[in-house]
Amino acid sequence: MKLSLSPHPSLWFKTAALPLLLILLLSGCTVSPSAGAGGLLPHLNADLQLPAELVQGQDHSFEVKVEAGGAPLPGALVTFEFWLEDEPDSILSIPAVSADAGRYTVSFNPDRDGLYQVRSRISSGSLESTLTQRFAIGEAAVTRLIQLEQDTAAPVIENSAGGHHH
């Protein structure tokens with residue numbers, strides 16, 4: 001009688017190769033048909049531009065530049081929303097006007113001092129992007145905005161009790 005230490009070929013196929021083959025077939029890597037170069041899904045790049053100086057009671061132009069695939073994107077649906085940070089239920093929504101290919105603007109007149117937020121909502125086909133920024137009107141609001149930005153930018157310092165251990 002011949003003694004073999006290796007499993008029978010059909011037994012090996014049933015116990016190892018067949019499940020492995022099924023896993024590979026079921027979890028195959030697929031690339032979306034709408035994926036661009038390198039398999040990346042298309043996306044919008046947007047840059048929200050705030051006016052250099054903001055004054056209560058004056059019209060100011062807010063702008064967002066939108067690109068898709070590195071080129072300006074015309075024909076997007078763009079809306080700007082403005083509200084005082086302390087009054088989130090007071091959102092004013094304004095549809096943007098296309099200034100030229102990929103550039104969208106609105107005019108907004110802040111009627112009082114305070115810390116505001118502006119949000120641009122952009123959509124084009126199945127692509128969407130939302131950007132939000134703060135801006136301040138008035139000295140107290142500017143001081144508050146500076147403090148908020150410093151608090152966000154401050155490094156986290158870990159305080160460990162006990163000191164060095166060697």
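The values are calculated or read from the model by the stated rules, or taken from the named source; none is laboratory data. All figures in this text were calculated on a predicted structure; none of them were measured in a lab. Here Cβ is always computed from backbone atoms with ideal geometry, including for glycine, and neighbour counts include all displayed protein chains. Accessible surface areas use protein heavy atoms only, side chains included; no ligands, DNA or RNA. Shrake-Rupley method; radii C 1.70, N 1.55, O 1.52, S 1.80 Å.
For R103, the residues 5 or more places off, or on other chains, whose built amide H falls under 5 Å of its own are V66.
For the residues I122, I91, a 1.4 Å probe over the protein chains yields an accessible-area ranking, largest first, of I91, I122. For an R0 of 22 angstrom, estimate the FRET efficiency from the Cβ-Cβ distance between D89 and D151 and round to the nearest 0.05. The value I calculate is 0.35. Note down the Stokes-Einstein diffusion coefficient of the stretch 106-150 in µm²/s, whole number, using a Kirkwood radius over alpha carbon pairs, 4 °C, and 1.567 mPa s. The estimated diffusion coefficient comes to 106 µm²/s. Using 16 Å as the cut-off for backbone N distance, which residues of the stretch 40-72 belong to the label zone defined by a point 7 Å from the Cα of D113 along Cα→Cβ? Within reach of a label on D113, which here means backbone N under 16 Å from a point 7 Å along Cα→Cβ, the stretch 40-72 contributes 54-58. Dividing the C-alpha radius of gyration of the stretch 61-143 by 2.2 N^0.38 Å, with N its residue count, gives 1.18. Rg over Rh for the stretch 47-88 works out to 1.06, using Cα positions for both radii and the Kirkwood form for Rh.
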